[in-house]
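**Q** What follows is a single structure, and I will ask about it in a moment.
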Amino acid sequence: MTLFSAQAIDDIREKQVEWEENELAAALQSRPEEKPVYETECGIALKRIYTAADIAGIPASDLGFPGAYPFTRGAYPTMYRGRPWTIRQVAGFGNPEATNQRYKYMIQTGQTGLSTDFDLPTLLGLDSDDPMAFGEVGRVGVAIDTVDDIDRLFDGIDLEKISVSLTINPSAWVIYAMFVAAAEKRGYDLHKLTGTLQADPLKEYVAQKEWIYPVRPAVRLLRDLIMHSAKTTPKLNPISLSGYHLSDVGGNALQEIAFIMAFTIAYCEEVIDAGMDIDDFAPRLSFFFISHQDFFEQICKFRAARRVYAKIMSEQFHARKPESMRLRVHVQTAAMSLTKVEHHNNLMRTAIQALGAVLGGCQSMHTNGLDEAFAIPTEEAMKLAIRTQQIIRDEINVTSVIDPLGGSYFVERLTRDMENEIWKVLDEVKERGGAIKLVEEGWFQQKLADSAYATFKKIDSGEKISVGVNRHVDDTSGSAEVHIHPYDDQCTQLQIERLNAVRANRDNGRVQQLLGELAEQARSDDINLLPKTIELVKARATLGEICSALRDVWGSYAEPMIV
Amino acid sequence: MTDSSNNSQGDGARAGIDVSSPIRVLVAKLGLDGHDRGAKVVARILRDAGMEVVYTGLYKSPNDVVSAAIQEDVDVIGVSLLSGSHLPLFQELGRCLREKKAEHIFVVAGGVIPEHDYAALSDSGVDAIVPQEARSDLIVTTIRKLIAERGRI
């Protein structure tokens, strides 16, 4: 069933021709339009006006109702009426105590969920005293070496009450093990723990570029994590499929969704091959998208992504539970859109992007600090970012009606156009041999690098406008000195002292034995590595030791040189 | 500003080197920072401008970068850093350049670098810093100008 009668559509088409010949022709005669071609950021052509005729072919069942297949109109039946999105600002820097203090400040300011950024050594599976960790400890995130650091990070925070998102990737399975061990020690019921690990390896190889092992062992670690978490911590999302980074590295909105859906398919195949039913893990797959500058394109992107995901899970994987087909998404506004020049403008950019995410139906959100183009955000910048979300939630009445733009001729047409383009990419990935093979070959990497370069050239030429940078620049346009978040020089030393103390006080013989056993298990593809890893972190093995034991088995990843 | 390409020829002739060969640049990532979008875009811009560009790939220590720069016989090392660790890493890069007697190789920095760190970077041996919003022209002229003003060694 379509949305309109054939007669109504014929009538509209007829009227539109009349309008084009009269009013429109006269207007174009007296004043031509500013640009010859109008299109979205990802290159979908835009008409000057949309009518019912543009959506006449879309079946009513493709829109459906919120909280029901195909979820175009929203993930839940009551959306923000039942539960507003979670204000989840990511934070992490210095020693665990420093981040813990920031968490407590943010909870007091009204944040409703926690999110942790880890420093680069932790992300890459290196201890703070590793030579490659030089200069990086506690810099872009918190430094974690042992289970005790996780305990310090969440000191005084009730993990049964607040959900915790952990932005951790190649070493995710170790951080998960530490999280579980720390929660167990405090006597929590593991079935009540809520939160999300990022743990999306394929997007690392193509976008965020944090890796340890070659592609296939990294996917195996994720498979083990998904399968273990489904049983041990059933309310925790073991993965956040992160389109955000695909955009951050240069991808457009279509690439963001299409590539991440290709990765979703690859992961589901891995877990199903290992013997798990789709409905036993799919409800805990979660997503992370960007909310970028092209306002309507972004809103339609969220709607199209929900519909495509629902169809993949239903049609390709034959999921039966509605929860397996419901795409839930955390959104972050676009750091790439922020400028150092006239940095107060970043507040406006972020607010508009955040509104887009809400109109697109996000479940949780991080709004960037206005100083993000300088360094990690200060407390004041984070407070403004939280206030931005609170103003959207509490002052402007955009949360009372679900999917308020649904039914807009333009929004429905663009949602459909994006969906069609996403299917085309997914077909191509399938034809070329699937996502894992294409990641190994650098196919996605090349597409994203090309797109980044094209965007850069568009700013060079002025075709893409950045206010204060290449348009509306005046004598006072410049970048101000801002107060930036200070780096704690003592941070590295403290982590190293703690590592030395741990190594001096544990049963080193037992740690070595367990590391050997882990390596042995890794040689076989059908043993889940999580139980042994949890034993290891409880025995005070360090993150670096555990990751290194598997590097000896699997080797390191060699990056294809794509420029 | 004078036309830097003409200057380059003059200085090159004075220094007695082959001026017809293109400027060689090593585009490098230092430390554990995985943000390579900017580095790759810059590599293409410099290539489009006629320079010869070698890209290091990710996760290189200052020592790795200096060794690669010497081996590739480059005029300039262009480092993109967004991890906030620029001060210690550029300091170490400068030390490695001095240790290997390669101070003649210019060092250009780009990425997320707050202005108040510019002076300290200059002290570490960074010859030019390209600001975040820099367009192609500025990136290319910064390198051409460095070489034009001193000539190639």
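The values are calculated or read from the model by the stated rules, or taken from the named source; none is laboratory data. As the structure is a prediction and not an experimental result, all values here were calculated from the model. No Cβ is skipped: glycine too gets one built from the backbone with ideal geometry, and neighbour counts run over all protein chains shown.
**Q** Would a scan of the stretch A:505-516 turn up a residue that is of a type in the set (Val, Ile, Thr), without any contact (Cβ under 8 Å) to a residue 40 or more places away in the chain, within 14 Å of chain B (Cβ to nearest Cβ) and not in a loop (DSSP other than H, G, I, E, B)? Break it down into steps so the answer makes sense when it comes.
**A** Going through the stretch A:505-516, the residues of a type in the set (Val, Ile, Thr) turn out to be A:511.
From what is left, the residues that are without any contact (Cβ under 8 Å) to a residue 40 or more places away in the chain are A:511.
Right, trim to within 14 Å of chain B (Cβ to nearest Cβ) and you get none.
Scanning the stretch A:505-516 turns up no residue that is of a type in the set (Val, Ile, Thr), without any contact (Cβ under 8 Å) to a residue 40 or more places away in the chain, within 14 Å of chain B (Cβ to nearest Cβ) and not in a loop (DSSP other than H, G, I, E, B).
**Q** Could you tell me which of the residues A:Lys203, A:Lys185, A:Lys161 is of a type in the set (Lys, Arg) and within 18 Å of the chain's Cα centre (by Cα)?
**A** A:Lys203
**Q** Does the stretch A:475-482 include one or more residues that are farther than 30 Å from B:Ser85 by Cα, within 14 Å of chain B (Cβ to nearest Cβ) and at pLDDT below 95?
**A** no
**Q** Among the residues of the stretch A:229-286, which ones are touching a residue at least 24 places away in the same chain (Cβ under 8 Å) and assigned to a loop (DSSP other than H, G, I, E, B)?
**A** A:Thr233, A:Pro234, A:Lys235, A:Pro238, A:Val249, A:Gly250, A:Gly251, A:Asn252, A:Ala274, A:Met276
**Q** Residue by residue through the stretch A:449-467, note down the ones that are more than 9 Å from every other protein chain (Cβ to nearest Cβ) and of a type outside the set (A, V, I, L, M, F, W, C).
**A** A:Asp450, A:Ser451, A:Lys458, A:Ser461, A:Gly462, A:Glu463, A:Lys464 - these are the residues of the stretch A:449-467 that are more than 9 Å from every other protein chain (Cβ to nearest Cβ) and of a type outside the set (A, V, I, L, M, F, W, C).
**Q** If I ask for residues that are at the interface with chain B (Cβ under 7 Å from one of its Cβ atoms), over 23 Å from the mean Cα position of the chain (by Cα) and among the charged types (D, E, K, R), which ones from the stretch A:132-146 would you list?
**A** A:Glu136
**Q** I need the full set of residues from the stretch B:86-125 which are closer than 19 Å to A:Tyr487 by Cβ, out of contact with any Leu (no Cβ under 8 Å at 6 or more places or on another chain) and part of a loop (DSSP other than H, G, I, E, B), in order please.
**A** B:Pro114
**Q** Starting from the stretch A:439-458, take each residue that is on the phi < 0 side of the Ramachandran plot and list its partners that are of a type in the set (Ser, Thr, Tyr), counting only C-beta distances under 6 angstrom and pairs at least six apart or across chains.
**A** As it stands, the answer is A:Val439/A:Tyr205, since those pairs meet every condition given.
**Q** Next question. Is there a residue in the stretch A:265-283 that is surrounded by fewer than 23 Cβ atoms within 10 Å (Cβ to Cβ), in the same structural domain as A:His366 (by TED's automatic domain parsing) and under 26 Å from A:Gly406 (Cβ atoms)?
**A** yes
**Q** Out of (1) over 29 Å from A:Val206 (Cα atoms); (2) in contact (Cβ under 8 Å) with a residue 24 or more places away in the chain; (3) part of a loop (DSSP other than H, G, I, E, B), what's the single condition that is false for A:Tyr103?
**A** (3)
**Q** Filter the stretch A:158-210 for residues that are within 14 Å of another protein chain (Cβ to nearest Cβ), part of a helix (DSSP H, G or I) and of a type in the set (Asp, Glu) and give the result.
**A** A:Glu204, the sole residue that qualifies.
**Q** Could you count how many residues in the stretch A:460-502 are touching a Lys or Arg at 6+ places or on another chain (Cβ under 8 Å) and over 25 Å from B:Val112 (Cβ atoms)?
**A** 1
Rundown of residues vs (1) exposed (fewer than 15 other Cβ atoms within 10 Å of the Cβ); (2) over 32 Å from the mean Cα position of the chain (by Cα), yes/no style:
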{"residue": "A:Lys458", "(1), (2)": "yes, no"}
{"residue": "A:Ile465", "(1), (2)": "yes, no"}
{"residue": "A:Asp475", "(1), (2)": "yes, yes"}
{"residue": "A:Arg506", "(1), (2)": "no, yes"}
{"residue": "A:Arg540", "(1), (2)": "no, no"}
{"residue": "A:Asp552", "(1), (2)": "yes, no"}
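**Q** Restricting the stretch A:423-439 to residues that are in contact with a Phe, Trp or Tyr (Cβ under 8 Å, 6 or more places away or on another chain) and surrounded by fewer than 20 Cβ atoms within 10 Å (Cβ to Cβ), which is farthest from A:Glu256 (Cα to Cα)?
**A** The selected residue is A:Arg432.
**Q** Quick one: which residue in A:Lys321, A:Lys301, A:Lys340, A:Lys311 is among the basic types (Lys, Arg) and within 18 Å of A:Ala435 (Cβ to Cβ)?
**A** After ruling out the rest, the residue left standing is A:Lys311.
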